[in-house]
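I have placed the structure first, in the form of structure tokens, so that the comments after it can refer back to it.
The values are calculated or read from the model by the stated rules, or taken from the named source; none is laboratory data. If you're wondering where the values come from, they're calculated on a predicted model, not measured in any experiment. Don't worry about glycine lacking a Cβ; one is built from the backbone with ideal geometry, like all the others, and counts go over all protein chains shown. To get the accessible areas, we keep the full protein, side chains included, count just its heavy atoms, and leave off ligands, DNA and RNA. Shrake-Rupley method; radii C 1.70, N 1.55, O 1.52, S 1.80 Å.
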Protein chains: 2
Amino acid sequence: MSSRYSLDVLFYPRNVAIVGATRNPAKPAYYITENLVRLGFTGKTYPINPNASEILGLKCYPSLKDVPDDVDLVISLVPAPATLNVVKECAEKGVKGIVVIAGGFSEGGEVGEELEKKISEILRKTGMRLLGPNTLSPINPSNNLIVSFRGMKELKKGSLAFCFQSGMYEPKLGWIFNGLHLGVSKIIDIGNKLDVNEVDVLEYLSKDDETKVIALHIENIKGDSRRFMELLKETVKKKPVIIIKGGRTSMGAKASLTHTGSLSGGSYTIFEAALKQAGAIHAQTLEEFFDFAKVFEFLKPPAGNRVAIITLSGGEGVIAVDCCEENGFKLAELKKETVERLRKVYPPWNIPSNPFDMGPCIEFHGNAKVCKTALDSISRDENVDCMVIQLPAFVPPPELDEVVKSFLRLKEAGKPAVIWRATMGRQEDRIVEELERNYIPVYPSVERAVKALGKLYKYKV
Amino acid sequence: MSSRYSLDVLFYPRNVAIVGATRNPAKPAYYITENLVRLGFTGKTYPINPNASEILGLKCYPSLKDVPDDVDLVISLVPAPATLNVVKECAEKGVKGIVVIAGGFSEGGEVGEELEKKISEILRKTGMRLLGPNTLSPINPSNNLIVSFRGMKELKKGSLAFCFQSGMYEPKLGWIFNGLHLGVSKIIDIGNKLDVNEVDVLEYLSKDDETKVIALHIENIKGDSRRFMELLKETVKKKPVIIIKGGRTSMGAKASLTHTGSLSGGSYTIFEAALKQAGAIHAQTLEEFFDFAKVFEFLKPPAGNRVAIITLSGGEGVIAVDCCEENGFKLAELKKETVERLRKVYPPWNIPSNPFDMGPCIEFHGNAKVCKTALDSISRDENVDCMVIQLPAFVPPPELDEVVKSFLRLKEAGKPAVIWRATMGRQEDRIVEELERNYIPVYPSVERAVKALGKLYKYKV
């Protein structure tokens, strides 16, 4: 914790005190303590509540000063007006970091602004770091530190760090780990950015060895924006940074002011140009934000832009080809040997080999044989840099294992492959889970799969 | 069936003969007969197979000429080379329409092209209509006529007609009815367009009383393209037409040639401009295609562009506002009475009323009360033309019914409302199903919800 910008106290505290801890499971705040206990936070947890002697098996203390240990991090659950006192107590105790969950500060009007000012003074004097107010984080799967109102089943450790301007990821938390199957190094929500802001976070994450990919949701730069852009340029040389901007429009910028108390500044066009110049990966929608995050967490960039497409339908194959051209790819010219291998599973007439339409082939040769032949031979073709593949739907159970195995073997070829769902529905959920557990990303549509692959390709070009 | 363009024989045959019917459930072709029997096609079904006396309880005939009745529609399941004979038999029998499922015609090379020519001659002489080859349709939920290799559980009747260039919708069929909850009037896949093409289909659907919305996937215009554009202009005056184009790029156009045997012609920019001029709704991706189809099937266009936004998070609210501005909406200025009503569920500080952030309100007043207050008061505000609302996630069961009821009451206000999922996952599936059964559309993200609403608004402007 030597650097001004180190946020280690937020992610690696030796212990955590929860001021305002509750043993009432009907209150969302209950899950702040419950998650730490159930998921097994590797540090110590000290619940603070004058009306309880024990919470979830943990000894409870009447106040912070009664904790018989130095305290690294305090999570404050008290309402806005009571927060100033908590901060004062933290200062007295020599606490290193505070997470303030309450809303109703600068985003709520003058009284809240005044409160923030008073807290700032204390931070300046003591050097304590403060996350929030109006935050619901941090999360660190490597030590099972999690600040959340949701009872989480599991945290999947990985190399992707998220920084959000607000708690909007909170309802999506279960989905991020279990539906989207992302592996996470850190999640932080900077809220009102009274102290810790996006510049601190980017600096910290750029140096964090556990983080290989950074995904930022920002509305405005509250820190030094020149420093932010410099940092961004330095960081993208080492790790991809994906950015989504809220408050792009004048209406949106105005709305931004009212929820975390700071105006989203400057022209979006200028911001967009600056991001591009810095080499950041720009997401236009939340779906893109998570789509891109997944492709960068799961895959290494392809060596070139020669793509092979494998589909279940000629019509969707045409759309896939369109997407590939629009995203900077060209169709790989398969080697003669590959085409000869494919020919063994053709229907009784000749069909093209790229895009390769499995549909009519499957009618004549079955799912297992066609998938095996297509995926094995095309993934090993030296003229192919990357692959876009539609997942077969409605595979009869006797063939299913073989089909899944063929997809899993894609990893052996060492080339990035993105998969898309045939049904757009939930038909393939079980298979998708198995593929994604093995870092083979599956997207709901071919357009999204190819766009993500395109971002991955362009990152290194 | 008086008009040259009537496709009644494809959608409303009094009876259907299936040439090549099979009683082997391991073959996809089995489901052609099985679906008709199980779903209860309201006409008669005559399986044709010289080696069976009965299939699925239906008397089976050795050949078409043995059927003791005039036959309206023949579904041919035989391979390409045997199809010419089937067409000849149909001509002898005086059949009115033929559906040819086999592939391997013009898309498979010269032999197939020759076959198509010979079949065309017979059609010209007899006036028989032919759908395909290389098709897997039609579907008509009003009489449970369905040509599909998938054993379908149910068909939901509605007012949306789909026309596809190819069978690419086939894996998505279950999802269209059960996951996407669309109600369908007709589905047709025109395949190689030997006879019936997109011009015939558009003409037919424009006059079809059961069809209120038309969604077309096209790669090229095989009929008279001037006629197509004229028809489009006429049709959009009566019903919205949503179009997605495959073969937008030069690479895609080339791929199009090889799967249904016709080259995707002309420049995409020109095509796009022509669509716009004709007033069609243009989808850029398959997700948009289905998103737009849903909004038009479910809702009536709003009277104006004054939108109210209700969210669970300030950050996602800002993104929602951005989307609204980018899609032609402005934030409604709520009436004083509405703001007073909302104030009752505010957190202890003041918050904006549009976008209305339910998140902090729910912490203090619970889901049921906040949803009821927000949805009831905002939907009845005269300054509001339409609404974009985030669906609460993780509602405790005792409150769940009340929350769902508040959403269902949105219909009473008579203004279009689009909903988006808080989790982006499957958390809210049960609620979504109930809302969509009541024609309240739910989208995976706010961007997609607002974009769909924007298309709906612009249709009448």
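Could you tally up the Lys pairs in the range B:26-96 with alpha carbons closer than 20 Å? Skip any pair fewer than 8 positions apart unless they're on separate chains. Close lysine pairs under the 20 Å cut-off: 10. Separation of the range B:1-69 from the range A:152-223 is 58 Å, based on Cα centroids.
Excluding A:ILE351 itself, what net charge comes from residues whose Cβ is under 10 Å from its Cβ, given Lys and Arg +1 and Asp and Glu -1? Please report the intermediate quantities before stating the final value.
Details: positive: A:ARG343; negative: A:ASP357, B:GLU107.
Value of the local net charge: -1.
Gyration tensor analysis over the Cα atoms of the range B:182-282 returns equivalent ellipsoid semi-axes of 22, 16, 12 Å (largest first, whole Å).
With all projection directions averaged, the alpha carbon convex hull of the range B:304-368 covers 4.6 nm². For the range B:8-295, carbon and sulfur atoms together expose 51% of the accessible surface, with a 1.4 angstrom probe and every protein chain in place. Taking one quarter of the surface of the C-alpha convex hull of chain A gives a mean projected area of 23.3 nm². For the range B:308-391, the set of trypsin sites (Lys or Arg not before Pro) satisfying both a DSSP loop assignment and a count of at most 12 other C-beta atoms within 10 Å is given as B:LYS344. Placing a label point 7 Å from the Cα of B:ASP224 along the Cα-to-Cβ direction, the distances to the matching points in the other copies come to 7.2 nm, shortest first. Roughly how many nanometres apart are two label points built 7 Å out from the Cα toward the Cβ at B:ARG226 and A:GLU382? Placing both labels 7 Å beyond Cα along the Cβ direction yields 5.5 nm. The 3J(HN,Hα) values that the Karplus relation (6.51, -1.76, 1.60; θ = phi - 60°) gives for the range A:250-256 are, in residue order, 5, 5, x, 4, 5, 5, 4 Hz. Gly and Pro appear as x. Interface residues of the range A:266-310, defined as a loss of at least 40 Å² in heavy-atom accessible area between the chain alone and the complex of all protein chains with a 1.4 Å probe, are A:LEU286, A:GLU287. Within the range B:393-420, the residues that become at least 50 Å² less accessible when every protein chain is included than when their own chain is isolated (1.4 Å probe; DNA, RNA and ligands ignored) are B:PHE394. Ascending distances from the B:GLU340 label point to its copies in the other chains, with the point 7 Å along the Cα-to-beta-carbon line: 8.6 nm.
Straight Cα distances below 16 angstrom link A:LYS153 to the lysines A:LYS172, with same-chain residues fewer than 8 positions distant left out. Entry note: the protein assembly as shown has Rg to Rh equal to 1.01, where both radii use alpha-carbon atoms and Rh is the Kirkwood radius. At a threshold of 8 angstrom on Cα-Cα distance, excluding pairs fewer than six apart, so keeping six or more, what relative contact order does the range A:187-305 reach in percent? Computed over the range A:187-305, the figure is 26 percent. Stretched out straight at 0.36 nm per residue, the stretch from A:LYS118 to A:LEU56 would grow longer than its current Cα-Cα span by 18.9 nm.
A simple rule links phi to the HN-Hα coupling: the Karplus curve 6.51 cos²θ - 1.76 cosθ + 1.60 with θ = phi - 60°, which for the range B:192-208 gives 6, 6, 4, 10, 5, 10, 4, 5, 4, 5, 4, 4, 5, 5, 5, 9, 7 Hz, with x for Gly and Pro.
Once you list every other residue whose beta carbon is under 15 Å from the beta carbon of B:VAL111, what net charge do they have if Lys and Arg are +1 and Asp and Glu are -1?
Summing Lys and Arg as +1 and Asp and Glu as -1 gives -3.
Give me the one-decimal Kirkwood hydrodynamic radius in Å for the range A:2-69, with the sum taken over alpha-carbon pairs.
One decimal place: 12.7 Å for the Kirkwood radius.
With no solvent and one point on each alpha carbon, what is the Debye value of log10 I(q)/I(0) for the range B:90-248 at q = 0.20 Å⁻¹? Values returned for q = 0.20 Å⁻¹ are -1.39.
Relative contact order for chain B using alpha-carbon pairs under 8 Å, separation at least 6, rounded to a whole percent?
The value is 11 percent.
Taking the protein heavy atoms of the range A:300-460 in the context of the full set of protein chains, the accessible area attributed to carbon and sulfur is 49 percent at 1.4 Å. For the range B:135-220, trypsin sites (Lys or Arg not before Pro) are listed when DSSP marks them as loop and at most 13 other Cβ atoms sit within 10 Å of their Cβ; the list is B:LYS153.
Under 5 Å between amide hydrogens, built in the peptide plane, is the criterion, and for A:ILE242 it picks out A:ILE214, A:ALA215, A:LEU216, A:ILE281 among residues at least 5 positions away or on other chains. Projected over all directions and averaged, the alpha-carbon convex hull of the range B:101-157 occupies 5.0 nm².
Note that the protein assembly as shown presents 37 Å² accessible area per residue, ligands and nucleic acids not counted, probe 1.4 Å. Other residues whose C-beta falls under 11 angstrom from the C-beta of A:GLY183 contribute a net charge of +2, scoring Lys and Arg +1 and Asp and Glu -1.
A simple spin-label model places the labels of A:ASP401 and A:ARG430 1.2 nm from each other, with each point 7 Å out along Cα-to-Cβ. Each chain gives up part of its surface: B and A jointly bury about 5100 Å² of accessible area, both sides summed, for a 1.4 Å probe. Spacing of the modelled spin labels on A:ASP209 and A:ASN15, each 7 Å from Cα toward Cβ, amounts to 2.7 nm.
Could you compute Rg(Cα) / (2.2 N^0.38 Å) for the range A:149-209, with N its residue count? With N residues counted in the range A:149-209, Rg over 2.2 N^0.38 Å equals 1.16.
For the range A:402-461 versus the range A:98-147, the inter-centroid distance based on Cα atoms is 39 Å. Just to be sure I understand the curve: with the Debye formula and one point per C-alpha of the range A:300-460, what is log10 I(q)/I(0) at q = 0.12, 0.20 Å⁻¹? Each listed q corresponds, in turn, to -0.44, -1.39. Label points for A:LYS411 are taken 7 Å from Cα along Cα→Cβ. From this copy to the others they lie 4.8 nm apart, shortest first. Derived scalar couplings between HN and Hα for the range B:147-161 equal 10, 7, 7, 9, x, 8, 6, 7, 10, 9, 6, x, 10, 9, 10 Hz in order, rounded to whole Hz, by the Karplus curve 6.51 cos²θ - 1.76 cosθ + 1.60 (θ = phi - 60°), x for Gly and Pro.
Among the listed pairs A:LYS212/A:LYS455; B:LYS330/B:LYS415; B:LYS300/B:LYS372; A:LYS157/A:LYS451, give every one whose C-alpha distance is greater than 18 Å. Those over the limit are B:LYS300/B:LYS372; A:LYS157/A:LYS451. For q = 0.13, 0.18, 0.23 Å⁻¹, what log10 I(q)/I(0) does the range B:218-330 give under the Debye formula with an equal point scatterer on each alpha carbon and no solvent? Per q value, in the given order, log10 I(q)/I(0) is -0.66, -1.03, -1.36. Rounded to the nearest angstrom and listed largest first, the equivalent-ellipsoid semi-axes of the range A:402-458 from its Cα gyration tensor are 18, 16, 8.
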